[in-house]
Every structure is written in C-alpha cells, then in structure tokens.
Amino acid sequence: MPCALHSRAWPGFEIVFKYRSARYEIAVENPDGVSRGVAHAELDGKSLPEGPTRVPLVDDGQIHKVRVILG
C-alpha cells in the first residue's frame, strides 16, 4: 500500500504553530497534486519573497495567517 504522504492526490493540510506568544495558522494547498515546489507563499495576505520560503517568526501575541501553494 503506498504511503499517503507520497500521493500526488492530497489536496492540502492546515496546522497551527505557536511561537512564544504568537499563533501561526498555516494552510498548505496542493491544487495541482504535486509532490514538491512552492508556487506562492504569503504571510498575513502579503506575498513572501521568491526563493527559499522563509516565514519570519515574531513574538507579538498576534494571530498570523500563512498560506503556501505548491506547484
């Protein structure tokens, strides 16, 4: 039986990550059923720079939304 993590059919997932007093609500979307590569990433509605995807973590007591689209 193939592992579900290696399946190209998974649509995405969501997680919550806490960094000190901040909360990061992370959604990873896989609209094209790919296994790797980031087509777009954003933090709080603003695009993150191209290149390796890095999300700056801040201890600000806020809720942050991270969206990653694979492709």
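The values are calculated or read from the model by the stated rules, or taken from the named source; none is laboratory data. Values in this document were obtained by computation on a predicted structure and should not be read as measured data. When we count neighbours, we look across all protein chains shown, and the Cβ atoms used for this are built from the backbone with ideal geometry, even at glycine. Only protein heavy atoms, including side chains, enter the accessible area calculation; ligands, DNA and RNA are left aside. Shrake-Rupley method; radii C 1.70, N 1.55, O 1.52, S 1.80 Å.
Points to keep in mind about this one:
- Every residue from the range 23-32 that is of a type in the set (Asp, Glu) and either closer than 14 Å to Arg67 by Cα or in a strand (DSSP E or B) (or both): Glu25, Glu29
- Residues within the range 31-61 that are at pLDDT 95 or above and among the polar types (S, T, N, Q), tallied: 1
- Extreme residue, farthest from Ala9 (Cα to Cα), among residues of the range 33-54 that are part of a loop (DSSP other than H, G, I, E, B) and open to solvent by less than 50 Å² (accessible area, probe 1.4 Å): Leu48
- Subset of the range 9-22 [part of a loop (DSSP other than H, G, I, E, B) and either among the acidic types (Asp, Glu) or surrounded by 13 or more Cβ atoms within 10 Å (Cβ to Cβ) (or both)]: Trp10
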